[in-house]
Amino acid sequence: MDQLKLLVDLHIKGQRQGPGGRDATRRAIDLAGLNKKQRLKIADIGCGTGAASLILAQSLNAEICAVDFLQDFLDELDTQAVKLGLADRIKTLLASMEALPFQDASLEVIWSEGAIYNIGFENGVRYWRKFLKPGGILAVSELTWLTRNRPDALTRHWGREYPEVGLPSQKIGQLETHGYEVLGYFPLSPDCWRDNYYGPMQGRFANFLDKHGHSSEAMALVSAEQTEIDLYEKYSSFVSYGFYVARKLPD
Ligand SMILES: C[S@@+](CC[C@H](N)C(=O)[O-])C[C@H]1O[C@@H](n2cnc3c(N)ncnc32)[C@H](O)[C@@H]1O
């Protein structure tokens, strides 16, 4: 089995595929000041199995287009949406976040939790802006430094893995440069990593390894995930995801 299929298999039964949480999504909804009665067109980009889409659909009067480039994740989201009676509010779409099929100025909201790094934060906020209606909302979570001074090993690690990691002030500056007014920012709390993402993933390790006969590829994947978890545990006071909520300014 190739690496991507293994990755999907390890993550598909997780409630989420990255750090985050119900309270954080709700807090971002509040920061955005979204009207709960108005019918809103929302795209959830890099939705995975739909952690955020499901909460948005439960919290708002929304028509959600959940976008991912992995059909297996979208199928799982469709199943969950039917189970929760939300299928009429969530439609899944197989597409790349780099080539979205939306019309310009067609969305009230673009949501993206733990996914914009795939095209880079600055590139993503610049490219996605045209799809928002005037005054539309962008809500994204992104890897963010919590402190200006940090252990060198941590700065080197993320400098290699995701050179765009930055301070909140840098991310806010980029949003302002690219035509947004920032309505709020908050860092994700450690439970978003431990209780909602890493803990449940660790709980799936044993079954995953059994299922794949402890193949070297499966062992390597588990080991890479554990290394990331160890790094987070060691340095959790220096780095997290930041949730950024912004409004599109007129051109
Ligand atoms: C870390 S996961 C986050 C998933 C979900 N938003 C969550 O918080 O649980 C990142 C997601 O982005 C998707 N993704 C990565 N690159 C993509 C691309 N170029 N276009 C669309 N989706 C992409 C992955 O398939 C994955 O579902």
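The values are calculated or read from the model by the stated rules, or taken from the named source; none is laboratory data. This structure is a prediction, so every number in the text was calculated from the model and none was measured. A quick note on method: Cβ atoms are made from the backbone with ideal geometry, for glycine too, and the neighbour counts reach across all protein chains shown. Keep in mind that these areas ignore ligands, DNA and RNA; they rest on the heavy atoms of the full protein, side chains included. Shrake-Rupley method; radii C 1.70, N 1.55, O 1.52, S 1.80 Å.
T49 passes every criterion in (1) of a type in the set (V, I, T); (2) surrounded by fewer than 21 Cβ atoms within 10 Å (Cβ to Cβ); (3) in contact with a Gly (Cβ under 8 Å, 6 or more places away or on another chain) apart from (2). Here the stretch 224-241 is the region considered, the condition is being of a type in the set (A, V, I, L, M, F, W, C) and touching a residue at least 12 places away in the same chain (Cβ under 8 Å), and the residue that is nearest to L188 (Cα to Cα) is V239.
Residues in the stretch 89-131 that are within 12 Å of the ligand (Cβ to nearest atom), open to solvent by less than 60 Å² (accessible area, probe 1.4 Å) and either of a type in the set (S, T, N, Q) or part of a loop (DSSP other than H, G, I, E, B) (or both): T92, A95, S96, M97, L100, S112, E113, G114, A115, I119, G120. Among the residues of the stretch 174-189, which ones are open to solvent by less than 30 Å² (accessible area, probe 1.4 Å) and either modelled with pLDDT under 95 or closer than 21 Å to G136 by Cβ (or both)? Passing the criteria: L175, G179, Y180, G184, F186.
Would the stretch 53-70 turn up any residue that is in a helix (DSSP H, G or I), within 15 Å of the ligand (Cβ to nearest atom), closer than 18 Å to G184 by Cβ and not hydroxyl-bearing (S, T, Y)? Scanning the stretch 53-70 turns up at least one residue that is in a helix (DSSP H, G or I), within 15 Å of the ligand (Cβ to nearest atom), closer than 18 Å to G184 by Cβ and not hydroxyl-bearing (S, T, Y). Of (1) touching a residue at least 24 places away in the same chain (Cβ under 8 Å); (2) acidic (D, E); (3) closer than 21 Å to S189 by Cβ, E217 satisfies all except one. Which? Tallying (1) touching a residue at least 24 places away in the same chain (Cβ under 8 Å); (2) acidic (D, E); (3) closer than 21 Å to S189 by Cβ, E217 fails exactly one: (3). Contact annotation: residue pairs with Cβ atoms under 8 Å, 6 or more positions apart or on different chains, pairing a residue in the stretch 113-138 that is of a type in the set (D, E, K, R) with a partner that is assigned to a helix (DSSP H, G or I), are E113/T25; E113/A51; E113/A52; E122/Q174.
A32 falls short of the stated requirement of being within 15 Å of the ligand (Cβ to nearest atom), surrounded by 15 or more Cβ atoms within 10 Å (Cβ to Cβ) and of a type in the set (A, V, I, L, M, F, W, C). Checking each residue of the stretch 146-163 against the condition of being more than 20 Å from Y232 (Cβ to Cβ), at pLDDT 95 or above and charged (D, E, K, R) gives no match.
In the stretch 200-251, of all residues being of a type in the set (S, T, Y) and open to solvent by 60 Å² or more (accessible area, probe 1.4 Å), the one that is farthest from E108 (Cα to Cα) corresponds to S216.
For R27, are the conditions met, namely being within 12 Å of the ligand (Cβ to nearest atom) and either surrounded by fewer than 21 Cβ atoms within 10 Å (Cβ to Cβ) or not in a helix (DSSP H, G or I) (or both)? Considered against the rule, which asks whether it is within 12 Å of the ligand (Cβ to nearest atom) and either surrounded by fewer than 21 Cβ atoms within 10 Å (Cβ to Cβ) or not in a helix (DSSP H, G or I) (or both), R27 comes out as no.
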